[in-house]
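The structure under discussion appears below in the form of structure tokens.
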């Protein structure tokens, strides 16, 4: 009788433990970003959440805060540093590690194959580590928003000499004005909201942006030529609160690293595939698409490196992985 009682108790305890484990809520980790739900970052984050739940056996789950619903870009970074937000995007991290500004410097990356090789290199790992260490966060992975190209109203420019005295609208935030330096143009800083009118009235002769911006801002209505200068690659990455990272087991840390590396690669894929469709759309809208020899422009990168000596060493290392 006593043995039967012990057996029944053991079965009941086992059942209760199993029930608790099965019903245990997943640990929800917060991810705030400024992008819309249609943006590649959010689309890839939703996919990452599915993979995270699968790999962790539903123990870990992302709670997504899109479109600035948690905080704006800068405040999200601060929140991750403080540990009140678990994940957020970070651009190059130049505010914490000056050499990383070269990641969006002119012609740091020649093409997408160069970007992919960089992400497979030891140099990439060093950048993640250095930015993370200086920002006091865990830097997980980086992705791209695409190359910036040039548009003009009438000028068919293929060399820096062609761009002489050309008023190029540039972003008024370093190092974006250096687009004018490598193209040989005259930089004209303007807020993005003023660009369409400036192009229409001649305040600026042309502008430079990724295909997405050219389409959404309808610059094709006031610009005839799309010159594929591909002079800058826009990049960003995902950072994680150090406190949250340290709270995970080694096995879960490995899962998180794998999931966010996959997420970054998926964003790259979405952006590159999207560019092909956008280029086709711009052709259909009547833009004259012009291929150029980038070498004359790339030769002018030295002018930029003289202004940013902190970039030189990392720039050389990135070129070496081509």
Original post:
Are any of the residues in the range 309-322 at pLDDT below 95 and over 18 Å from the mean Cα position of the chain (by Cα)?
Top reply: yes
Original post:
Regarding residue 218, is this residue within 17 Å of residue 297 (Cβ to Cβ), surrounded by fewer than 17 Cβ atoms within 10 Å (Cβ to Cβ) and either at pLDDT 95 or above or under 23 Å from the mean Cα position of the chain (by Cα) (or both)?
Top reply: no
**OP:** State all residues of the range 43-54 that are surrounded by fewer than 18 Cβ atoms within 10 Å (Cβ to Cβ) and out of contact with any helix residue (DSSP H, G or I) (no Cβ under 8 Å at 6 or more places or on another chain); if no residue qualifies, say none.
**Re:** 46, 50, 53, 54
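Assess whether residue 290 counts as being within 22 Å of residue 227 (Cβ to Cβ) and touching a strand residue (DSSP E or B) at 6+ places or on another chain (Cβ under 8 Å).
Considered against the rule, which asks whether it is within 22 Å of residue 227 (Cβ to Cβ) and touching a strand residue (DSSP E or B) at 6+ places or on another chain (Cβ under 8 Å), residue 290 comes out as yes.
Here's the yes/no breakdown for (1) farther than 25 Å from residue 98 by Cα; (2) at pLDDT 95 or above:
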{"site": "155", "(1), (2)": "yes, yes"}
{"site": "164", "(1), (2)": "yes, yes"}
{"site": "168", "(1), (2)": "yes, yes"}
{"site": "174", "(1), (2)": "no, no"}
{"site": "177", "(1), (2)": "no, yes"}
{"site": "185", "(1), (2)": "yes, yes"}
{"site": "196", "(1), (2)": "yes, yes"}
{"site": "199", "(1), (2)": "yes, yes"}
{"site": "202", "(1), (2)": "yes, yes"}
Subject >> The one condition in (1) out of contact with any helix residue (DSSP H, G or I) (no Cβ under 7 Å at 6 or more places or on another chain); (2) in contact (Cβ under 8 Å) with a residue 60 or more places away in the chain; (3) more than 30 Å from residue 76 (Cβ to Cβ) that residue 223 fails to fulfil >> reply: (1)
Original post:
Before we move on, is residue 38 farther than 16 Å from residue 244 by Cβ and at pLDDT below 95?
Top reply: yes
Original post:
Where residues in the range 283-309 are part of a loop (DSSP other than H, G, I, E, B) and touching a helix residue (DSSP H, G or I) at 6+ places or on another chain (Cβ under 6 Å), which of them is farthest from residue 103 (Cα to Cα)?
Top reply: 285
Original post:
Taking the range 177-201 on its own, how many of its residues are within 17 Å of residue 155 (Cα to Cα), exposed (fewer than 14 other Cβ atoms within 10 Å of the Cβ) and in contact (Cβ under 8 Å) with a residue 12 or more places away in the chain?
Top reply: 0
Original post:
Restricting attention to the range 73-116, which residues are farther than 15 Å from residue 242 by Cβ, in a helix (DSSP H, G or I) and touching a helix residue (DSSP H, G or I) at 6+ places or on another chain (Cβ under 9 Å)?
Top reply: 98, 99, 100, 101, 102, 103, 112, 114, 115, 116
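Listed residues 146, 237, 230, 206; which is in contact (Cβ under 8 Å) with a residue 40 or more places away in the chain, out of contact with any helix residue (DSSP H, G or I) (no Cβ under 8 Å at 6 or more places or on another chain) and crowded, with 17+ Cβ neighbours inside 10 Å? Full working, then the answer.
Numbers: 146 fails: out of contact with any helix residue (DSSP H, G or I) (no Cβ under 8 Å at 6 or more places or on another chain); 237 fails: out of contact with any helix residue (DSSP H, G or I) (no Cβ under 8 Å at 6 or more places or on another chain); 206 fails: out of contact with any helix residue (DSSP H, G or I) (no Cβ under 8 Å at 6 or more places or on another chain).
Within the list 146, 237, 230, 206, the selection yields 230.
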Subject >> Residues of the range 103-151 satisfying the condition of being over 15 Å from the mean Cα position of the chain (by Cα) and closer than 19 Å to residue 276 by Cα >> reply: 110, 111, 113, 114, 149, 150, 151
**OP:** State whether one or more residues within the range 226-243 are out of contact with any strand residue (DSSP E or B) (no Cβ under 6 Å at 6 or more places or on another chain) and closer than 30 Å to residue 84 by Cα.
**Re:** yes
Original post:
How many residues does the range 240-260 contain that are out of contact with any helix residue (DSSP H, G or I) (no Cβ under 9 Å at 6 or more places or on another chain) and under 25 Å from residue 109 (Cβ atoms)?
Top reply: 1
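Taking the residues in the range 154-176 that are farther than 30 Å from residue 265 by Cα and touching a helix residue (DSSP H, G or I) at 6+ places or on another chain (Cβ under 7 Å) as candidates, determine which candidate is surrounded by the fewest Cβ atoms within 10 Å (Cβ to Cβ). Full working, then the answer.
To start, the set of residues in the range 154-176 that are farther than 30 Å from residue 265 by Cα comprises 154-169.
Now restrict to residues that are touching a helix residue (DSSP H, G or I) at 6+ places or on another chain (Cβ under 7 Å): 159-160, 163, 168-169.
Values: 159: 14, 160: 17, 163: 25, 168: 23, 169: 27.
Across the range 154-176, the extreme among qualifying residues is 159.
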Original post:
Of all residues in the range 26-47, which are in contact (Cβ under 8 Å) with a residue 60 or more places away in the chain, more than 14 Å from the chain's Cα centre (by Cα) and either under 18 Å from residue 272 (Cβ atoms) or in a loop (DSSP other than H, G, I, E, B) (or both)?
Top reply: 47
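The values are calculated or read from the model by the stated rules, or taken from the named source; none is laboratory data. Values in this document were obtained by computation on a predicted structure and should not be read as measured data. When we count neighbours, we look across all protein chains shown, and the Cβ atoms used for this are built from the backbone with ideal geometry, even at glycine.
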